Amino acid sequence: MSNFTMDPNWLCFDPAPTKPTFRPPPHAVDAHCHVFGPGDSFPYAPERKYTPCDAPKELLWKLREFLGFERNVIVQATCHGADNRALVDALVNSNGRARGVATVRPSVTDAELQALHAAGVRGVRFNFVKRLVDAAPRDSMLAIAERVAALNWHVVIYFEAADLPEYFDFFSALPVTVVVDHMGRPDVTRDPDGPEFGLFLRLLRENPNIWSKVSCPERLSQSGPPQYTDVVPFARRIVEEFPDRVLWGTDWPHPNLKSHMPDDGLLVDHIPAIARTETLQRKLLVDNPLKLYWPEEVR
Ligand code: 0GY
């Protein structure tokens, strides 16, 4: 019996997604996904707030091929804390087709950062979602941001829209490229022209170094699949106003979803609803992620 049995109210990822109708352009990157464990090889962190189902790298590669993508950006999830071994194992066994975003503590040494870089890490993640982590002090996050700037990495931030007023100035002061997970988690039952989403748009307008992932309709939507209609005006707005600062990802294996587990094929079919032209699709899925994660390939 494993020490890492997934939470009883946890849903595991869809084992047989449908083939998407939308075909991503050549070299497309799934720029937000995770690997979990397997827990017996890569133990989950003692301080974790949930225990997921194992989601090993081999299944991620299989899904990538099936959905029509070429590469992955693997983001360290809170269930692995600052132990990046599962992430690094996936990166170094990806044949150069995956890069990563790690979680580090202030005590991380320069040699450890260099080793993460050599494995393919190009960013660090700061998590502000209260149900997922106990908040780290801001000055320690700032110190980490300054150190990773020297490696030409970026910072990924994850927060919920209701908390943005509290963090707006701190995020604006970060001295690196910053990527926001899942559009800052707007409440999509509200007006996309209203003050809550307006503050998020202001964050991007005032800070040309801040990018957004237009991911996770399945997390944000109240209307649900197959079209996640209520999310579309929010994501489309960001893609059309900031076409050079957006990324997209499946979020496989979709941690912490309690009501429904998405069909990853339908998530891919959501892309043309939010990026309506081939040019926008190419920027979202190819040009922008290559700039951040494979800059050596960008001429
Ligand atoms: C996501 C979203 C979630 C979880 C994590 O690191 C994590 O545990 O990111 C969530 O629960 O909303 O992007 O995977």
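Here is how the numbers come out for the structure above:
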item: Backbone N within the stretch 21-38 under 17 Å of label point (7 Å from residue 58 Cα along the Cβ vector); result: 35-38
item: Set 62/258; 57/283; 19/49; 19/57; 19/258; 130/283 screened for pairs whose C-alpha atoms are more than 29 Å apart; result: 19/49; 130/283
item: For residue 164, net neighbour charge (Lys/Arg +1, Asp/Glu -1) across residues whose Cβ lies under 12 Å away; result: -4
item: Cysteines having no other Cys beta carbon under 4.7 Å from their own, within the chain; result: 33, 79, 216
item: Histogram of C-alpha separations across the chain, 5 Å bin width, %; result: 1, 5, 13, 17, 20, 19, 14, 8, 2, 0, 0
item: Residue-averaged [θ]222 nm for the chain, counting only DSSP H segments that reach four residues, each worth -39500 (n - 2.57); result: -9000 deg cm²/dmol
item: Of all accessible heavy-atom area on the stretch 204-275, the percent that carbon and sulfur account for (1.4 Å); result: 49 percent
item: Whole-Å distance, taken between Cα centres, linking the stretch 59-91 and the stretch 194-220; result: 24 Å
item: Rounded accessible area per residue of the stretch 1-148, 1.4 Å, Å²; result: 46 Å²
item: Over the stretch 104-297, relative contact order from alpha-carbon pairs under 8 Å, at least 6 apart, %; result: 15 percent
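The values are calculated or read from the model by the stated rules, or taken from the named source; none is laboratory data. Since the model is a prediction, treat every value here as computed from it, not as a measurement. Because the Cβ atoms are built from the backbone with ideal geometry, glycine has one as well, and the counts that use them run over all protein chains shown. These area figures cover heavy atoms from the full protein model, side chains too; ligands, DNA and RNA do not enter into them. Shrake-Rupley method; radii C 1.70, N 1.55, O 1.52, S 1.80 Å.
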